[in-house]
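The values are calculated or read from the model by the stated rules, or taken from the named source; none is laboratory data. Since the model is a prediction, treat every value here as computed from it, not as a measurement. FYI the Cβ positions are ideal-geometry reconstructions off the backbone, even for glycines, and counts take in every protein chain you see. Remember, those area values only see protein heavy atoms, side chains included, never the ligands or the DNA or RNA. Shrake-Rupley method; radii C 1.70, N 1.55, O 1.52, S 1.80 Å.
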Amino acid sequence: MYIYLYLNIFTILFPLLLSFDKKVAFYRNWSALLPAIVVNGVLFIVWDILFTEQGVWGFNEEYLTGVYLFNLPLEEVLFFITVPYACVFIYDVLNAYITRDLLQPYAKVIALFLMLVLPLIAVFNMQHWYTSITFVGLALMHLLHLKLFGTRYLGRFYLAYLVHLVPFLLVNGVLTYLPIVWYNDNYNLGLRLISIPVEDTMYSMLMLLLTISVYEGLRQRKVVKQYQPIIV
């Protein structure tokens, strides 16, 4: 049964079909979205390859098509296309339909909390590679994002992250419950949300923050170029 492939299709189907909604008009931002997905994909696929080779996690062939790119199942590679697309779609839909930036007043506090607590947890769990690398990576990504954008996008990012947890729990729940993707608990804290390692929540936040940072950076650059005066 090709369940992992079906999950990828399910993840992207509705965001793709609704990309032409007149209010959101998500398709107009594809020129910024596609490079953001590529940047995200390159980083996370390399990470995935290394962790798979080291046995940090792996895949159950019973639920795969059997097609591999590098040492990863095709479905795993598609995951780094379908999930960022769907997540940024959620981000843009919320921006379009919720005009008030609800979490902006708390964005800096949330960011500082994560930047202080996550590295601290990582330091005491260096032997757990998934935990330490993910937590340090997310803290550094927050630092970089704050340096580039301040808190301009963070409030809306956190709202999108909270909303994305609904499909995240559904999809990751299936992936880890069957399991389609298995995790070696020697490399994580061994704490799970039913079947989902708690590290997955931070991994997903890191992936989303990276994608949105590149996405908003490119959109910002495009706006600047549009309004630059032409010097004759």
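Quote the relative contact order of segment 1-89 in percent (integer), defining contacts as alpha-carbon pairs under 8 Å separated by 6+ residues. Taking the mean separation of contacting Cα pairs over the length of segment 1-89, I get 48 percent. In the chain the longest region clear of trypsin sites (Lys or Arg not before Pro) that are loop-assigned by DSSP and have at most 13 other C-beta atoms within 10 Å covers 101-232.
Using R0 = 25 Å, the C-beta based FRET efficiency linking D21 and L169 works out to 0.50.
When the chain is described by a simple charge dipole with +1 on each Lys and Arg Cβ and -1 on each Asp and Glu Cβ, the residue from Y161, A25, G66 located farthest towards its positive end is A25. For the chain, averaging the sequence separation of C-alpha pairs within contact (under 8 Å, six or more residues apart) and dividing by the residue count gives a relative contact order of 28 percent.
Please list, by residue number, everything in segment 141-158 whose backbone N is under 18 Å from a paramagnetic label point 7 Å out along Cα→Cβ of V223. Residues 145-158 qualify, since their backbone N sits under 18 Å from the label point. For segment 1-100, the solvent-accessible area of protein heavy atoms averages 52 Å² per residue (probe radius 1.4 Å; ligands and nucleic acids excluded). Could you tell me which label, among (1) 58, 42, 30; (2) 60, 40, 35; (3) 82, 35, 28, carries the value of Cα extents along the principal axes in Å calculated for this structure? Matching entry in (1) 58, 42, 30; (2) 60, 40, 35; (3) 82, 35, 28: (2). Taking the Cα centre of segment 142-232 as reference, the dipole from Cβ charges on Lys and Arg (+1) and Asp and Glu (-1) amounts to some 620 debye. Using only side-chain charges placed at the Cβ, +1 for Lys and Arg and -1 for Asp and Glu, the dipole size of the chain relative to its Cα centre rounds to 1320 debye. Taking all C-alpha pairs of segment 101-164, those more than 13 Å from each other amount to 62 percent. Across the accessible surface of the chain, with the other protein chains kept in place and a 1.4 Å probe, carbon and sulfur atoms take up 71 percent.
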